[in-house]
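Notes for the one structure printed next.
The values are calculated or read from the model by the stated rules, or taken from the named source; none is laboratory data. Since we're looking at a predicted model, the values are computed, not measured. Cβ placement follows ideal geometry from the backbone for every residue including glycine, while neighbour counts extend to all protein chains displayed. Ligands, DNA and RNA are stripped out before the accessible areas are found, and what is left, the full protein with its side chains, is counted by its heavy atoms. Shrake-Rupley method; radii C 1.70, N 1.55, O 1.52, S 1.80 Å.
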Amino acid sequence: MYRFYLKQGDLQLLLPVTPSKMQMKTPSGNETISILNMGEINLLRRPKLQEIRFRALLPGRQLHFVQTEGIFHEPLYFIHHLAVFQHSRKPIQFMVFRRLADGTQIYCENIEMVLEDVQATERGGDQGDFWVDIFLKEYRAAKSVIYHTAKNGNTTILSAGGQKREEKEVPKTYIVKKGDNLWNIARSMYGTGSRYKEIAQKNGIQNPNLLHVGQVLRL
């Protein structure tokens, strides 16, 4: 069984019906140019931002296959909060979990994304059901660059540089507290939650969601 979550701050949305498919795309940033007497050549660049698209059903009534975390929500509840996510100008966490019938978790993915587009459709005869098309794009924070000028005779030379920021000293261990998860621990210790897998690997953690208060993690 798969579960799709969209999370921002303290608000976490579990999609009531897992999408039947998900499209993932990472466009190449490469460029092809033509040079006289040489023909076409490739300029290899960093890949562009990853894109994820899927269509999800928001049922208008409680059905046996609808996934909830204790409370059934109407479709407009999800549509409203998706709009809040989109207008917040902040990234969200897109999380996908896969569990076996006995509850064992065998897959977990947690990606920081931007909610680019949401399209909701209500069709006649669907008894209050809505379909939403969701478009997510990988979040990559901008980094500032400081340029310096220097004189060489009558020529002004512009060079990219920057002030070296003081690096945060990361402790060797971390003691798990109530409410902790690997994503938030990685963000606190390393500055980005996307490094949660490093902590899991260092500590032999197969299920990133099974942490225990008082557990000592190696960083």
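Can you pull out every residue in region 174-198 that is within 20 Å of Arg98 (Cα to Cα) and among the aliphatic types (A, V, I, L, M)? Correct list: Leu182 only.
Applying the selection to region 58-73, what residues are in a loop (DSSP other than H, G, I, E, B) and either open to solvent by less than 70 Å² (accessible area, probe 1.4 Å) or without any contact (Cβ under 8 Å) to a residue 24 or more places away in the chain (or both)? Of everything in region 58-73, those that are in a loop (DSSP other than H, G, I, E, B) and either open to solvent by less than 70 Å² (accessible area, probe 1.4 Å) or without any contact (Cβ under 8 Å) to a residue 24 or more places away in the chain (or both) turn out to be Pro59, Gly60, Gln62, Leu63, His64, Val66, Gln67, Thr68, Gly70, Ile71, Phe72, His73. If you go through region 21-49 and keep only what is surrounded by 10 or more Cβ atoms within 10 Å (Cβ to Cβ) and under 26 Å from Tyr77 (Cα atoms), you end up with Met22, Gln23.
Of all the listed residues (Leu76, Leu82, Leu13), the sole one being surrounded by 11 or more Cβ atoms within 10 Å (Cβ to Cβ), in a strand (DSSP E or B) and either out of contact with any Cys (no Cβ under 6 Å at 6 or more places or on another chain) or aromatic (Phe, Trp, Tyr) (or both) is Leu13.
The set of residues in region 182-203 being more than 24 Å from Ala142 (Cβ to Cβ) and in contact with a Gly (Cβ under 9 Å, 6 or more places away or on another chain) consists of Leu182, Ile185.
With respect to the conditions (1) open to solvent by less than 80 Å² (accessible area, probe 1.4 Å); (2) free of Cβ contacts under 8 Å to residues at least 24 places away in the same chain; (3) not in a loop (DSSP other than H, G, I, E, B), Ile52 lacks only one, and its number is (2). Please work out which residue is modelled with the lowest pLDDT, limiting yourself to region 116-173 and to residues that are among the acidic types (Asp, Glu) and surrounded by 10 or more Cβ atoms within 10 Å (Cβ to Cβ). Looking at the filtered set, the residue picked out is Asp126. For region 181-206, enumerate the residues that are under 15 Å from Glu112 (Cα atoms), touching a Lys or Arg at 6+ places or on another chain (Cβ under 8 Å) and either of a type in the set (Asp, Glu) or not in a helix (DSSP H, G or I) (or both). Selection gives Gly191 alone.
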